[in-house]
Amino acid sequence: QVQLVESGGGLVQAGGSLRLSCAASGRTFSNYGMGWFRQAPGKEREFVAAISWGGRNTYYADSVKGRFTISRENAKNTVYLQMYSLKPEDTAVYYCAARKLSATTYYAPGEYGYWGQGTQITVSS
């Protein structure tokens, strides 16, 4: 079992930055690939970024490439999402998730087995 708790959300002006953290409990955290997703009102949950269990491989949605960086510190059981140059269209609830061991893609929500509660990010104009 893995329990995930996000933190770091809030209100920020366009062009600003935020750093999200996802704290995981469970002794097998380092065995899981991790991802960040977001969901805006009226839209489906969409992939943002993912990182492999060892942290060597990362993947990003085109909409955030060059602005967001995913990283992890397995010794601290924590995954991060550093966000720069935030835009109003980044406004959403952000979720961290742990990928299923059998997963074959990074971007499909159905291939993640554990989810946090989510944290709201609002970017004002």
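The values are calculated or read from the model by the stated rules, or taken from the named source; none is laboratory data. Everything numeric in this text was worked out from a predicted model, so none of it was measured. Please note: Cβ atoms are built from the backbone with ideal geometry, for glycine as well, and neighbour counts cover all protein chains shown. To get the accessible areas, we keep the full protein, side chains included, count just its heavy atoms, and leave off ligands, DNA and RNA. Shrake-Rupley method; radii C 1.70, N 1.55, O 1.52, S 1.80 Å.
One residue is enough: does the range 79-89 have a residue meeting the conditions closer than 21 Å to ALA24 by Cβ, of a type in the set (A, V, I, L, M) and open to solvent by 20 Å² or more (accessible area, probe 1.4 Å)?
So far as the range 79-89 goes, no, none of its residues is closer than 21 Å to ALA24 by Cβ, of a type in the set (A, V, I, L, M) and open to solvent by 20 Å² or more (accessible area, probe 1.4 Å).
Testing ALA50 on (1) part of a strand (DSSP E or B); (2) loosely packed, with under 15 Cβ neighbours inside 10 Å, one condition comes back false. Which one is that?
The failed condition is (2).
Out of the residues in the range 18-45 that are loosely packed, with under 15 Cβ neighbours inside 10 Å and touching a strand residue (DSSP E or B) at 6+ places or on another chain (Cβ under 6 Å), state the one that is nearest to VAL123 (Cα to Cα).
Only one residue fits best here, namely ALA40.
Tally up the residues in the range 53-68 that are in a strand (DSSP E or B) and either of a type outside the set (Val, Ile, Thr) or surrounded by 17 or more Cβ atoms within 10 Å (Cβ to Cβ) (or both), please.
So the answer is 3.
Which residue is farthest from ALA40 (Cα to Cα), if the candidates are limited to the range 90-112 and must be of a type in the set (Gly, Ala, Ser) and loosely packed, with under 15 Cβ neighbours inside 10 Å?
The qualifying residue farthest from ALA40 (Cα to Cα) is SER102.
If I ask for residues that are touching a residue at least 60 places away in the same chain (Cβ under 8 Å), in contact with a Phe, Trp or Tyr (Cβ under 7 Å, 6 or more places away or on another chain) and small (Gly, Ala, Ser), which ones from the range 22-64 would you list?
Within the range 22-64, GLY33, GLY35 qualify.
If I filter the range 78-102 down to residues being polar (S, T, N, Q) and over 10 Å from the mean Cα position of the chain (by Cα), which single residue comes out as modelled with the lowest pLDDT?
Here the residue is SER102.
Out of the range 69-78, which residues are in contact with a strand residue (DSSP E or B) (Cβ under 8 Å, 6 or more places away or on another chain) and either surrounded by 16 or more Cβ atoms within 10 Å (Cβ to Cβ) or farther than 16 Å from GLY8 by Cβ (or both)?
Listed by number, the residues that qualify are THR69, ILE70, ARG72, ASN77, THR78.
Output the qualifying pairs, or none if there are none: Cβ atoms under 9 angstrom, residues six or more apart or on different chains, first residue in the range 107-125 and of a type in the set (Asp, Glu), second residue assigned to a loop (DSSP other than H, G, I, E, B).
GLU111/LYS100; GLU111/SER102; GLU111/ALA103; GLU111/THR104; GLU111/THR105
Might you check whether a residue that is over 20 Å from VAL5 (Cβ atoms) and in contact with a Gly (Cβ under 8 Å, 6 or more places away or on another chain) occurs anywhere in the range 29-47?
yes
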